[in-house]
Amino acid sequence: MSSLGQTQGMDLDRRRLLGGAALIVAASEIGITGAATAQTSAGTGGGSLGQIRQIGAGLLNIGYAEIGPASGAAVILLHGWPYDIHSYAEVAPLLASSGFRVIVPHLRGYGSTRFLSSDTPRNGQQAALAEDVLALMDALRIQRAVIAGYDWGARTANIVGALRPDRCAAMVSVSGYLIGSQAANQRPLPPQAELAWWYQFYFATERGRAGYQANTRAFARLIWQTASPRWEFDEATFARSAAAFDNPDHVAIVIHNYRWRLGLAEGESQYDAMEKTLATGPAISVPTITLEGDANGAPHPDPKDYARKFSGPYEHRTIRGGVGHNLPQEAPQAFAQAVLDVSRI
């Protein structure tokens, strides 16, 4: 792994990706004065995703925002927990203004996304979320897209990039490589690291499920504060995203996701083959930029520990200035810049 180079506000770890001149040209196209200054800690308002659309895709009727020209190269932006599509309220218009067709879907259990059948298991395992993205691409007749995300969205992007590079043109992933397995999650971590996963252990209990059901918004607010300790979001910003948690399947999906990780809940047999492959930790060959905020308070791996997982063109960027876990909303220009840059490879 190459040594780290420093610029104002951003550290760049380059591996066969972009030269400095290309960064400056790309930056000018979305009104950013250079990669070194492509970060902001605002993300507390502004930007619009427009009207939410609905489409049948696989097991779901997916609610999604779409902006930008229909003829543009597709970019799919995936949110995490406990957030929603408004993490991209500023990123999406930046990309649309550069000619991209930008798709921002609500994951299963969020916003207006609904299961088509009441009999479908409310399954939050990683493979199911990845299949949802592929089904959405099929429904929208998108053959290939740049896929970008953070938290659950980053893991989902990783899976599509690893297993279906024919559908993933390039990737931006906050906190790098997040593909996991139940077997790997059985291995204990040092006490300090285990402490950071307190909510996963809470969700493993029936008291935790009931507590999240009764206090969903208060719980989400606490996670926002601890995962992004220097992000000064306002009440309107939080309320706009918290409305997505009113989805009738939200609690079931969240609880199943975390219990499945620990092997405390079963997945569905239709995903067994995919999970078997994911458990091997497959490399990702598509062009990738990974991002990390310098003030991420959520559990996350060290960039040096996952760099080898990216076998294609790769670069890591640390975004400075007190940027936490919800990087696209806290540093929208830096996130949009990464999407623009990786799409050029």
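Excluding Ile255 itself, what net charge comes from residues whose Cβ is under 12 Å from its Cβ, given Lys and Arg +1 and Asp and Glu -1?
On the way: positive: Arg122, Arg207, Arg209, Arg259, Arg261; negative: Glu206, Asp249.
That sum, taken over residues with Cβ under 12 Å, equals +3.
Based on alpha-carbon positions alone, could you give the equivalent ellipsoid semi-axes of the stretch 176-250 from the gyration tensor, as √(5λ), descending, whole Å?
25, 17, 13
On a C-alpha basis, how far is the centre of the stretch 132-170 from the centre of the stretch 255-329 in Å? Whole number, if you could?
When both Cα centres are located, 14 Å separates them.
Each label point is 7 Å from the Cα along the Cα-to-Cβ direction; what then is the distance between the points at Gln143 and Asn215, in nm?
Label at Gln143, label at Asn215, 5.2 nm between them.
Share of Cα-Cα pairs in the stretch 283-345 beyond 15 Å, in percent?
Of all Cα-Cα pairs in the stretch 283-345, 52 percent lie more than 15 Å apart.
Dividing the alpha-carbon Rg of the stretch 50-119 by 2.2 N^0.38 Å yields what? The partial results should precede the final answer.
Working: Rg = 12.4 Å, N = 70, 2.2 N^0.38 = 11.1 Å.
That works out to 1.12 for the stretch 50-119.
With the full set of protein chains in place, find how many percent of the accessible area of the stretch 46-108 is carbon and sulfur; take the probe as 1.4 Å.
Carbon and sulfur together cover 52 percent of it.
On the protein heavy atoms, probe 1.4 angstrom, tell me the percent of accessible surface of the stretch 201-345 carried by carbon and sulfur.
The nonpolar share, carbon plus sulfur, comes to 50 percent.
What is the distance, in nm, between label points placed 7 Å from the Cα along the Cα-to-Cβ direction at Ser71 and at Leu116?
In this crude spin-label approximation the distance works out to 3.2 nm.
Taking 7 Å along the Cα-to-C-beta vector as the label spot, tell me the Gln186-Asp294 distance in nanometres, rounded to one decimal.
In this crude spin-label approximation the distance works out to 4.1 nm.
Where the convex hull is taken over the Cα atoms of the chain, what is its projected area averaged over directions, in nm²?
For the chain, the mean projected area of the Cα convex hull comes to 15.6 nm².
What is the Cα radius of gyration of the stretch 195-340 over 2.2 N^0.38 Å, N being its residue count?
For the stretch 195-340, the normalised Cα radius of gyration is 1.19.
Under a Cβ-Cβ cut-off of 10 Å, what is the net charge of the residues other than Ser181 that fall near it, where Lys and Arg count +1 and Asp and Glu count -1?
Values: positive: Arg261, Lys276; negative: Glu275.
Once positives and negatives cancel, what remains is +1.
Using the heavy atoms of the protein chains and a 1.4 angstrom probe, tell me the accessible area per residue for the chain in square angstrom.
Per residue, the chain has an accessible area of 39 Å².
Which net charge results when you count Lys and Arg as +1 and Asp and Glu as -1 among the other residues whose beta-carbon is under 13 Å from that of Ile76? Intermediate values should be presented prior to the final figure.
Working: positive: Arg101, Arg144, Arg164, Arg167; negative: Glu66, Asp132, Asp138.
Its environment carries a net charge of +1.
Could you give the length gained by full extension between Glu235 and Thr280, i.e. 0.36 nm per residue of separation minus their alpha carbon distance, to one decimal place?
12.0 nm
Any idea what log10 I(q)/I(0) is at q = 0.21 Å⁻¹ for the stretch 243-317, Debye with uniform C-alpha scatterers and no solvent?
Here the Debye-derived log intensity ratios amount to -1.08.
What residues have an amide H closer than 5 Å to that of Ile284, excluding those fewer than 5 places away on the same chain, when H is modeled at 1.01 Å from N in the peptide plane?
Answer set, sorted by chain and number: Phe310, Ser311.
Would you mind putting 115-126, 173-184 in packing order, based on average other-beta-carbon counts within 10 Å, highest first?
Answer by packing, highest mean first, reads 173-184, 115-126.
With a 1.4 Å probe and all protein chains left in place, how much of the accessible area of the stretch 146-200 comes from carbon and sulfur atoms, in whole percent? Walk me through the numbers on the way to the answer.
On the way: 1220 of 2010 Å².
Here carbon and sulfur together make up 60 percent of the probe-accessible area.
Rounded to the nearest 0.05, what FRET efficiency do Gln54 and Arg164 give with R0 = 22 Å and r taken as the Cβ-Cβ distance? Could you check?
After rounding to 0.05, the efficiency reads 0.35.
Can you tell me the order of 263-269, 157-163 when each peptide is scored by its average per-residue count of other Cβ atoms within 10 angstrom, highest first?
157-163, 263-269
Could you quote the convex hull projected area for the stretch 76-196, Cα atoms only and averaged over all directions, in nm²?
Result: a mean projected hull area of 9.0 nm².
At a Förster radius of 22 Å, what calculated FRET efficiency corresponds to the Cβ-Cβ distance of Thr205 and Glu268, to the nearest 0.05?
The formula returns an efficiency of 0.45 here.
Dimensions of the stretch 82-123 along principal axes (Cα, Å, largest first)?
Per principal axis, max minus min of the Cα coordinates gives 42, 21, 14 Å.
The values are calculated or read from the model by the stated rules, or taken from the named source; none is laboratory data. Only a predicted model underlies this, so the values are computations on that prediction, with no experimental measurement involved. Cβ coordinates were reconstructed from backbone atoms using ideal geometry, including for glycine residues, and neighbour counts include every protein chain displayed. With ligands, DNA and RNA removed, areas are computed over all heavy atoms of the protein, side chains included. Shrake-Rupley method; radii C 1.70, N 1.55, O 1.52, S 1.80 Å.
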